[in-house]
Amino acid sequence: MEYNSYIDAAWNLRRNIKINAGLHCVQYRISGKQFNFTQPRFSFNYKPIKNILLHAAFQRTAQFLHLLTSNTIGIPIDLWLPSTSVARPETANTYSGGISYSKGGYAFNAEAFHKEMSNVIDYKEQANYIGSDNNWEEKVTVGRGRSYGYEFLAEKRNGKTKGWVSYTLSWNYRQFDKINGGKEFPYKYDRRNNLAVLINHEFTPRLDASLTWVYSTGANYTIPEQVYFVNSGLQKGNAIYVYGDRNNYKFPSYHRLDFGFNFKKFKKNYTRILSLGVYNA
């Protein structure tokens, strides 16, 4: 059972200053255990001149579902698990700030963010996929996480040709006392560079085309650094794998190009659109 309530207020102190503040309260109950959280939110916008906006924000959030993801190169399995007295709800404090510029049909935005997370979960050392095991809490450990980075966006909003380019430079780490010798390690989804380009062009009112290209640094994963074989009893050639640090390797960088065409036909009572596209061209 989950109960929520919130209050939000906005103030226009001057023509160029706007403040939003809010408070979100939540109570979560499961198996006789009760959790209460107070989550404040705050944002500040300041427009020093006509086309420039400075903005900053803070929010504290709580989450009652945990994402448990495999770090090995086997079958990728993501599980959503409920909060319990062992795996308490996740909480996070997020800080962000940036600057925006817009003029005519063009807009530019640059922003920095920092996020501190607590009560995140991961598999213990040598533990594997839960499967039908009901005692999943015995296979996980609780720790902390942090992420930070910078985001940039350039956008063209008007004309027959529209589109945007976005780039994110970010870091994402986890730390558990019972994993990796207590040392901090990069999270599976720590993608250092993310770039996306979208272009849409209208040739005629009946025909338009779009092109999308994305690029990202490869995800992190854990593989053995050594292997040796032991012959014992009736079974020969038992493989023993020796692992190094958690998420000690990265997949290669990833990129993909997609494009498509929309053929439109306008009728009196409806519009027919035929879409043709190519994925991963």
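The values are calculated or read from the model by the stated rules, or taken from the named source; none is laboratory data. Note that the coordinates shown come from a computational prediction; the quantities given were computed from them, not determined experimentally. Don't worry about glycine lacking a Cβ; one is built from the backbone with ideal geometry, like all the others, and counts go over all protein chains shown. To get the accessible areas, we keep the full protein, side chains included, count just its heavy atoms, and leave off ligands, DNA and RNA. Shrake-Rupley method; radii C 1.70, N 1.55, O 1.52, S 1.80 Å.
Per-residue 3J(HN,Hα) values for segment 115-122, derived from phi via the Karplus relation 6.51 cos²θ - 1.76 cosθ + 1.60 with θ = phi - 60°, read 9, 10, 10, 10, 6, 7, 10, 7 Hz in sequence order (x marks Gly and Pro). Think of each Lys and Arg Cβ as +1 and each Asp and Glu Cβ as -1; about the Cα centre, that makes the dipole of the chain roughly 1520 debye. Oblate is the label for segment 1-105. Its Cα gyration tensor axes, ordered a ≥ b ≥ c, give a/c of at least 1.5 and b/c at or above a/b. Give the range of the longest stretch in the chain that excludes all chymotrypsin sites (Phe, Trp or Tyr not before Pro) found in loop regions by DSSP and having at most 10 other beta-carbon atoms within 10 Å. Between exposed loop sites, the widest span is 1-269. Within segment 171-204, the trypsin sites (Lys or Arg not before Pro) that combine a DSSP coil assignment with at most 14 other C-beta atoms in a 10 angstrom radius are Lys178, Lys183. Summed over the residues of segment 152-281 and divided among them, the accessible surface reaches 67 Å² per residue at a probe radius of 1.4 Å. Here segment 169-235 is assigned +1 on the Cβ of each Lys and Arg and -1 on the Cβ of each Asp and Glu. Its dipole about the Cα centre then comes out at about 120 debye. When a/c reaches 1.5 or more, the comparison of a/b and b/c decides; with that in mind, is segment 145-276 rounded, prolate or oblate per its Cα gyration tensor? Taking the square roots of the gyration eigenvalues as a ≥ b ≥ c, segment 145-276 is prolate. Projecting the Cα positions of Trp171, Pro252, Leu53 onto the charge dipole of the chain (unit charges on Cβ atoms of Lys, Arg, Asp and Glu, taken about the Cα centre) puts Leu53 furthest along the positive direction.
Taking Lys and Arg as +1 and Asp and Glu as -1, the other residues whose beta-carbon sits under 14 Å from that of Arg88 total +1.
Applying the Karplus parametrisation 6.51 cos²θ - 1.76 cosθ + 1.60 with θ = phi - 60° to the phi angles of segment 161-167, what ³J(HN,Hα) value in whole Hz is obtained for each residue in order, glycine and proline being reported as x? Once θ is set to phi - 60°, the couplings for segment 161-167 become 10, 10, x, 8, 10, 10, 9 Hz. Rg and Dmax of segment 76-130, based on Cα coordinates, read 19.1, 57 Å. If you count Lys pairs in segment 109-262 whose Cα atoms are under 21 Å apart, skipping same-chain pairs closer than 8 places in sequence, the total is 13. Once Kirkwood radius over Cα pairs in Å is calculated for the structure shown, the corresponding label among [x] 22.2; [y] 20.8; [z] 23.3 turns out to be [z]. Residue-wise HN-Hα couplings along segment 99-110, as the Karplus relation 6.51 cos²θ - 1.76 cosθ + 1.60 with θ = phi - 60° gives them from phi, are 9, 10, 9, 9, 7, x, x, 10, 9, 9, 9, 10 Hz; Gly and Pro carry x. Using a 1.4 Å probe on the protein heavy atoms, what percent of the accessible area of segment 168-249 belongs to carbon and sulfur? Of all accessible area on segment 168-249, carbon and sulfur atoms account for 55 percent.
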